[in-house]
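Here is the structure we will look at.
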Amino acid sequence: MELVVLIVGAGPAGLATAACLSQRSIPYLIVEREDCSASLWRYRTYDRVKLHLSKEFSCLPYMPHEEDTPTYIPKAEFLKYLDCYREHFGIKPRYCTCVVSAAYDEGTGRWVVAARDTVEGTEIRYAARFLVVATGENGAGRIPEIQGLESFCGEAIHSSTYKSGKSYAGRRVLVVGAGNSGMEIAYDLANHGADTSIVVRSPVHIMPKELIRLGMTFVQYMPVTIVDLFLVKLADFIFGDLSNYGIVRPGVGPLQLKSKTGRSSVIDVGTAGLIKKGVVKVFKRISKITGNKVQFECGKDCEFDAIVFATGYKSSANLWLKADDKCMVNSDGRPNTCRPNIWKGENGLYFSGFRRMGLAGICMDAYNIANEIVSVY
């Protein structure tokens, strides 16, 4: 099947790119391996999740949120927004279509893509002038290698399968990873009566959501170094010195850290208060696991009934994107292109949603990709 643009992935990045292309009258086809759009949000997020940034920083191109939308949008409301977005722009993904391989054909100047219809079991072949990888960074849950993990007798899951703390009441649960998911899951577990501990493996900024909103507004009018200094001072005033509880701030301010590395601040939902009260206990890295006993690098060991790994994701693009001798993606499936042009590959290859800047980054990628394609189409 001959195509102008093939978009792989019908999450927010794919939908945004499709909308930008349609606004420029560029024909495209969007394929999705799952049976719905935004499958990560529908199937692999916990029940209490909300967008961590306020609604003015959390919309897709050409469609701001309604005035009565909550400032911090809950999961169900965001999914409703994505469904309305898809319908508004007439985006019709081909679902249950799993890309097996994609390679550039120098002779025809096309991306030759082999896919499989997972319902019918048939193979489909596409030849596209432009290929947009919009599968995002959250293809598969990442669980770190830990000595003895296979001997753990309890339940060990990735955060992508965690839904609620209800079933963990009265159990000893260890959360590994202190990003936004890990901290919020720890809070949810503690609120449901679990004996909760969390592994904080590296320095992290903990911020109130209102402070991050303020910072993202201020940084449009003043230097980021000044804004970061302001944010850190206020956060220290609000939370106190959290290093006494095992949480250390990075040497770089929160907005600069996000810009340079993609690492987000933790938006506090109440976990910091529970840590200070001793309700949620903090440990450093795990050294090994023996049965139900987890030994930490500090020398302490404790027994747990369950472990939740909130240790992030990796992309699966490297499993199917073939670029001959050109290393377009690394072993984690991320583009090797440096910022700010991480969205642009070679030979009509583009990446949407890989710059670790959330929905704002997705919007930037979608606009850039559509503008680039229309300029050469």
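Assorted remarks:
- Failed item, numbered, when LYS276 is tested on (1) open to solvent by 70 Å² or more (accessible area, probe 1.4 Å); (2) over 26 Å from HIS192 (Cβ atoms); (3) in a helix (DSSP H, G or I): (2)
- Of all residues making up the stretch 286-318, the number that are closer than 30 Å to TRP41 by Cβ and either open to solvent by 20 Å² or more (accessible area, probe 1.4 Å) or not in a loop (DSSP other than H, G, I, E, B) (or both): 12
- The one condition in (1) under 24 Å from PHE304 (Cβ atoms); (2) among the aliphatic types (A, V, I, L, M); (3) assigned to a helix (DSSP H, G or I) that LEU255 fails to fulfil: (1)
- Residue list for the stretch 319-352, filter: open to solvent by 20 Å² or more (accessible area, probe 1.4 Å), within 17 Å of the chain's Cα centre (by Cα) and either of a type in the set (Val, Ile, Thr) or modelled with pLDDT of 80 or more (or both): TRP343
- Test: GLY182 is open to solvent by less than 20 Å² (accessible area, probe 1.4 Å), more than 19 Å from the chain's Cα centre (by Cα) and assigned by the TED database to the domain that holds ARG263: no
- Scope the stretch 52-87; condition in contact (Cβ under 8 Å) with a residue 60 or more places away in the chain and closer than 21 Å to ALA134 by Cβ; matching residues: LEU53, PHE57, SER58, CYS59, LEU60, PRO61, LEU82, TYR85, ARG86
- Residue match in the stretch 255-272 (condition: in the same structural domain as LEU149 (by the TED database), over 23 Å from the mean Cα position of the chain (by Cα) and open to solvent by less than 50 Å² (accessible area, probe 1.4 Å)): no
- Each residue in the stretch 26-51 was checked for being open to solvent by 30 Å² or more (accessible area, probe 1.4 Å), touching a residue at least 60 places away in the same chain (Cβ under 8 Å) and part of a loop (DSSP other than H, G, I, E, B), and 6 of them qualify.
- Of the residues making up the stretch 66-101, just one is open to solvent by less than 20 Å² (accessible area, probe 1.4 Å), more than 19 Å from LEU51 (Cα to Cα) and touching a helix residue (DSSP H, G or I) at 6+ places or on another chain (Cβ under 7 Å), namely ILE91.
- Selected residue (criterion: farthest from LEU349 (Cα to Cα)) from residues of the stretch 122-153 that are surrounded by fewer than 18 Cβ atoms within 10 Å (Cβ to Cβ), of a type in the set (Gly, Ala, Ser) and modelled with pLDDT of 95 or more: SER151
The values are calculated or read from the model by the stated rules, or taken from the named source; none is laboratory data. Model, not experiment: these values are computed from the prediction. Cβ: placed from backbone, ideal geometry, glycine included. Neighbour counts: every protein chain shown. With ligands, DNA and RNA removed, areas are computed over all heavy atoms of the protein, side chains included. Shrake-Rupley method; radii C 1.70, N 1.55, O 1.52, S 1.80 Å.
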